Amino acid sequence: MAHLINKILPVAILPFITGCSGKPDKPGEVPLKPNVILILADDLGYGDLGICGQKSFSTPNIDRLGTEGIRFTNMYCGSTVCAPSRASLMTGKHTGHTSVRGNMPAQLMGDDELTIAKVFKNAGYTTGAIGKWGIGHPPPPDDPQRKGFDYFYGYINMWHAHNFYPEFLYENGQKVALNNQLQKVAGKNPWAESPEGTGVAAIRNEYVHNLFDAKALNFIEQNRNHPFFLYMAYNVPHANNEKKPDGMEVPGYGNFENTEWPGPEKGFASMMANLDNSVKIILDKLAEHSLDKGAWLGAGAQQPGEHHRHRLEMAPKNERKGIRFKVQGTRCTVIGWISLTVNLAP
């Protein structure tokens, strides 16, 4: 029987949040209340990681989570598209019971709904969300705070998150300007009638993935002496759907520059390399403050990748974004890593 990601993750995490400390009191001790980091990728295909069969490029840091932790090989997303899948993840509800059941309807989660962030907050955790929120249409700028997060930095609506070089992001409900500028046609914004922030940048100076990494490290630094829950919702490897024919926006192709692959393939592989590096720097930051000895880190996908025309992407032939061919649901990649030693002896 298929299990939904929103059912398994709370079961895996919540038994560890009833203790009393986010950091060991003495070297070698394990905290009863470990820090928890949940990393979500946007449109990560089931086989897009080395540990799941990808051969065209490597993801050693994400793979490490699986080799040292647990691989949930039959995990299923709450939905096939962004908003309801994220609503399901946040609330633990089956999509048939969530307030948000699609991307386009004018639906929002209620402020009174119980979310995983509120559960952590009630247990004494500092809660943070960085990246793509994208739950409902259109969410208010302070929606993450209303749903239990003490801190938020990133995109509020899902269409804004298509653009990796946006003109602004939101931080705790306030708009923060970035040094990027949208393309204009005849002096006008061609996406003016689209949801806020939609578009393609003409001037590209600040790449959001790098900004998210920096905010994550800062959040860990500021909360290193207090238990925290950090939800890292990266928008890679999603494409900028407004930038055709190649929406895989990256600062450069890096090690894939000289391959014979088409541009979208190089961009996709580069996004995956960036995501893998993000896991590395987060793990390194935890180790810097000896927080890796008491942490739960999970990495998963919102729903299967949408770009299966790319030869580098791997997924079961009957699963793709927006379409569910199997009765059980939409399978996604989830890996759990926890550096706790549990003694079950009496």
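Every number here is computed from the coordinates shown, using simple stated rules; none is lab data. All figures in this text were calculated on a predicted structure; none of them were measured in a lab. All Cβ positions, glycine included, derive from the backbone under ideal geometry; neighbour counts span all protein chains shown.
For this structure, a couple of remarks:
- Among the lysines of the stretch 72-180, pairs at least eight places apart or on separate chains and with Cα atoms under 18 Å apart come to 6.
- Couplings 3J(HN,Hα) for the stretch 250-267, derived from phi with the Karplus relation 6.51 cos²θ - 1.76 cosθ + 1.60 (θ = phi - 60°), are 9, x, x, 8, x, 5, 9, 4, 9, 6, 8, 6, x, x, x, 5, 4, x Hz, where x marks Gly and Pro.
- Charge dipole (debye, nearest 20) of the stretch 68-194; +1 at Cβ of Lys and Arg, -1 at Cβ of Asp and Glu: 220 debye
- Charge dipole (the stretch 115-209, unit charges on Cβ, about Cα centre) - positive-most of A201, P138, Y165: P138
- Within the shell defined by Cβ-Cβ distances under 10 Å, the residues around I156 carry a net charge of -1, with Lys and Arg each +1 and Asp and Glu each -1.
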